[in-house]
1. Are there helices (runs of 4 or more DSSP H) fully within the stretch B:281-392 with at least 2 residues that are touching a Cys at 6+ places or on another chain (Cβ under 8 Å)? List them.
2. Residues in the stretch B:640-656: is at least one within 14 Å of another protein chain (Cβ to nearest Cβ), on the phi > 0 side of the Ramachandran plot and either free of Cβ contacts under 8 Å to residues at least 60 places away in the same chain or of a type in the set (Asp, Glu) (or both)?
3. How many residues, within the stretch A:138-179, are of a type outside the set (S, T, N, Q), under 18 Å from A:Lys30 (Cα atoms) and within 14 Å of another protein chain (Cβ to nearest Cβ)?
4. Among the residues of the stretch B:106-149, which ones are farther than 30 Å from B:Asn204 by Cβ and of a type in the set (A, V, I, L, M)?
5. Whether any residue in the stretch B:59-81 is free of Cβ contacts under 8 Å to residues at least 60 places away in the same chain and assigned to a helix (DSSP H, G or I) is what I want to check.
6. Is the stretch A:116-125 home to any residue that is modelled with pLDDT of 90 or more, within 14 Å of another protein chain (Cβ to nearest Cβ) and farther than 19 Å from A:Asp6 by Cα?
7. Out of the residues in the stretch B:393-424 meeting the condition of being of a type outside the set (Val, Ile, Thr) and outside any helix (DSSP H, G or I), tell me which one is nearest to B:Phe458 (Cα to Cα).
8. Only one of these conditions is not met by B:Gly203: (1) part of a loop (DSSP other than H, G, I, E, B); (2) buried (at least 23 other Cβ atoms within 10 Å of the Cβ); (3) not acidic (Asp, Glu). Which number is it?
Amino acid sequence: MTTYMDIISLLILVSSFVLVANKKQTSYIKTFRIQSFLIALSMAAIGFRHFQQNGRIDAFILCALIIGLKVIYIPNLLNKTYDKVEHKVEKDFYLNIPILTLLACGIAVFVYFIVTGIGQFDNRDITMQVVNMVSVVLIGIFFMITRKKAIGQIVGFLVVENGIFGTAMFAAEGMPLIVDIGIFIDLLTGVLIMGLMVFRINDKFDSINTNKLKKLKG
Amino acid sequence: MNLSVTDHLFTLAIIMFFAGACFGLLFCKKHRAANTLSNLFCMAGSAMGTISVVFHLLKGGGPVTVLNSVPGIPNFSLQLKYDNLSAYFLLVLFILTFAVSLYSIGYISHYYGKRNVGIFNFLYCTFILSMMMVMLAGNLLTFFIAWELMSVVSYFLVVFEHERSENVKAGTVYIIMTHLGAALIMIAFMIMNVLTGETSIIGNGAFFTALPEAAKNACFLLLLVGFGTKAGIIPFHIWLPKAHPAASSNISALMSGFMIKTAIYGIVRFIICGFGGIKTWWGMTILILGIVAAVLGVAYALMEHNIKRLLAFHSIENIGIIFIGLGMGMIAYSKEYYPIAAVAIAAALFHTLNHALFKGGLFLGAGAIQYATHTRDIEQLGGLIKKMPVTAVFVLCFSLAISAIVPFNGFVSEWLTYQSIFAFIPKGSLCINMISIIAAAALAFAGALAAVCFVKLFGISFLGLPRSEHAGEAKEVPPTMLGGMGILAALCLVAGLFPKIILNLLDKVLIETAALKIYPNLSGGTVPVFSGLTVSGNKMSMIAILAVILALIAATVPAVRIIGGKADSRKYGTWDCGFVEINERMQYTATGFSKPIRIVFRILFRPSRTLAVKGEHPKYYPDKMEYKVGTVSVFEKYFYDVIIRGLHRFSQRVKLSVQTGSIHMYLSYILVTVLALMLYSRLF
């Protein structure tokens with residue numbers, strides 16, 4: 001079981017590296033889909049354990065929600081948004097891909113250095129998973145910083161959310177169902193609003209390059 | 001807790017002020033009712049308060065607790081109590097509020113139907129209550145709350161006539177300066193509290209003796225600048241000449257008469273009584289600040305032609321005189337010449353009362369002039385003595401008092417200050433002596449210039465011919481306003497003629513707060529009110545001086561008659577320089593009167609003058625000539641403007657470099673912060 005969880009958490013981390021290395025905006029969405037699916041898988045694993053132990057099915061519900069929302073609905077929504085606004089293909093990142101990947105590696109190493117020193121996690125297995133998830137959070141922010149276009153920023157935000165959700169899941173086997181559902185609703189609202197904003201930005205600047213928002217400064 | 005009748009009376013006085021505030025709001029639609037009722041309540045409260053604090057001072061018997069509320073919040077308690085020092089300052093406040101409230105009944109009538117008089121009266125009562133609370137605060141927290149309350153309420157009163165942009169600007173400067181001061185006071189309180197664990201400020205003995213030396217010095221400087229900002233010592237005075245003219249006159253009277261004295265109270269309470277031991281350099285600092293404020297305050301006052309600005313600068317001068325007394329007292333105290341210290345500090349506290357009386361009165365007089373003529377510009381006035389004879393007499397009394405001329409009270413406190421300086425000179429070291437001599441000279445100089453300034457104020461505005469229509473049509477103000485000024489004028493005379501009444505009270509204050517006795521040194525040990533004063537061999541009796549003056553007048557008038565013979569008069573057309581008749585434009589102007597001083601203090605005023613001649617051929621046939629004289633406010637130009645410009649440039653630069661408008665930049669701030677915090681948690 002632990003090995004299985006370790007592998008999944010590593011895969012999630014790897015998916016975020018993949019995200020950083022992506023060049024096209026459509027691939028961001030695909031990578032996000034994969035990452036969310038991996039999260040759903042680990043949730044399913046936890047669900048099996050809970051069901052075996054005390055017959056609870058909370059985790060299965062969550063797993064279904066993740067698949068419904070993060071694997072199917074939100075990526076589709078983003079794809080639609082992308083089809084409507086973006087026609088030009090241009091470079092979307094400030095630094096080149098190898099440097100970005102190296103920096104992301106640096107973040108992971110930094111997190112390892114920090115989290116292992118905290119000493120709160122007595123269980124070494126969990127430490128490994130938490131390191132991976134916290135790295136995903138920070139890489140998500142890093143991804144947001146390095147991409148110019150709004151789609152990248154949305155995906156980065158979703159990855160940050162994935163990372164936080166994953167941290168809670170691996171460190172404490174998930175939060176109470178009601179909290180998680182609340183988080184999902186927040187997330188959904190956030191993504192819908194951001195989708196709308198993308199259209200507005202596109203209308204205003206003829207581009208979804210968020211760098212142009214500088215002009216809004218008073 | 002045993003409370004006597006007078007202590008209950010004090011509580012009742014507080015309730016009266018509350019009632020005044022509430023009635024102001026209740027009747028805010030009926031202006032006359034609101035104003036009369038709430039001022040009557042204030043008068044009742046002041047009268048009760050005066051009686052109770054006077055009885056407390058005479059009776060003695062340690063601090064009285066008015067309120068001690070300890071809610072469940074940790075480290076938080078509200079404590080209101082008063083000892084003799086608070087009682088003395090409260091006495092000053094109550095006397096002033098009694099006169100000012102009486103005056104306001106008539107004065108505020110010019111607001112009827114134009115402004116929300118209810119709110120004004122509410123703020124007025126709250127302002128008095130907040131100043132009372134500063135005096136009554138029994139611990140650091142209560143003191144700070146009261147201090148801030150006072151600042152905020154007075155800010156609202158300053159900007160009450162908010163449609164005039166200069167009032168709003170004055171209010172802004174005031175609130176910024178006063179909050180800078182409050183911030184410093186707060187830092188000092190925190191240091192004092194953290195290092196000693198003590199919060200009480202009223203009680204027996206000094207509370208903060210346990211502070212380390214360095215902390216004491218730091219607290220001294222912080223408190224000095226913090227309270228000095230409120231007191232208006234130079235260079236922290238810039239709010240004062242702006243805020244006083246902006247507020248209406250009864251408020252200026254309270255602000256100048258008492259609010260700036262709360263700073264003196266703070267200095268006495270915390271620095272002289274609180275730290276248990278005074279350093280010589282503290283006294284020196286205060287003395288030097290006092291000298292600067294006294295001389296520059298009056299010098300600036302001379303250049304002003306707006307009555308209220310002029311009076312505001314005189315407040316700075318008088319705070320300087322009080323500071324000279326305090327500084328001298330602190331130096332003497334630190335060198336263990338206790339009798340001299342007692343006289344000097346008593347002189348400072350006496351001058352506090354005196355200044356409240358005559359400066360309060362002068363602001364009321366300025367209000368009366370404004371009420372009658374609708375202008376504050378001296379150059380527009382003239383000839384008011386014929387239109388407003390009673391006001392003129394009162395303003396003359398106050399002017400004599402502030403110029404330290406016998407037999408009024410200003411003379412006594414300045415005389416005591418001089419005596420303490422002279423008494424200390426044979427005992428001090430060389431450096432201290434030099435400063436003491438300069439202080440005495442500065443005091444004399446300031447007194448002389450103040451006299452010049454009030455000759456200008458009184459002469460230009462009350463004598464001669466009216467310089468504008470408004471001044472020509474002026475009428476005497478309502479009797480309540482005259483009553484308010486009259487009370488203060490009478491008290492100026494009483495305090496001048498019988499200074500021992502006040503000194504008796506001050507003796508009790510100083511014995512309780514600093515274990516200093518005035519009387520062993522002043523002759524006449526017990527209380528013969530009519531006897532003269534003696535300080536280290538120098539005797540002075542106001543009654544005797546008055547008698548001599550009266551005798552001289554009585555002798556001179558017949559002598560002139562006898563020598564000059566009976567004057568016979570004949571009517572004849574005088575030579576009038578080719579003009580048709582003598583008119584108001586041929587009079588001496590205030591600008592002309594102050595010109596010699598402007599030339600002497602050129603370095604300070606940076607005067608500029610321009611003469612513009614207009615006409616078709618201006619050189620030969622001038623139609624119109626315009627003469628403009630301007631002075632520069634040196635402190636604002638070379639101190640505050642530099643700081644403000646620097647701050648502005650700095651914030652511009654920060655805005656350009658930090659707040660770029662780029663989302664990526666903002667996100668990277670977040671990332672860097674998170675990483676830094678993580679690193680911090682790992683390493684430390």
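1. Where helices (runs of 4 or more DSSP H) fall fully within the stretch B:281-392 and carry at least 2 residues being touching a Cys at 6+ places or on another chain (Cβ under 8 Å), they are B:307-334, B:338-373.
2. Taking every residue of the stretch B:640-656 in turn, none turns out to be within 14 Å of another protein chain (Cβ to nearest Cβ), on the phi > 0 side of the Ramachandran plot and either free of Cβ contacts under 8 Å to residues at least 60 places away in the same chain or of a type in the set (Asp, Glu) (or both).
3. 16
4. B:Ile108, B:Val117, B:Ile119, B:Leu123
5. yes
6. No, every residue in the stretch A:116-125 fails to be modelled with pLDDT of 90 or more, within 14 Å of another protein chain (Cβ to nearest Cβ) and farther than 19 Å from A:Asp6 by Cα.
7. Selected residue: B:Ser403.
8. (2)
The values are calculated or read from the model by the stated rules, or taken from the named source; none is laboratory data. Just so we're clear, the structure is a prediction, and the values are computed from it rather than from any experiment. Neighbour counts are summed over all protein chains in view; Cβ atoms, including those assigned to glycine, are modelled from backbone coordinates with ideal geometry.
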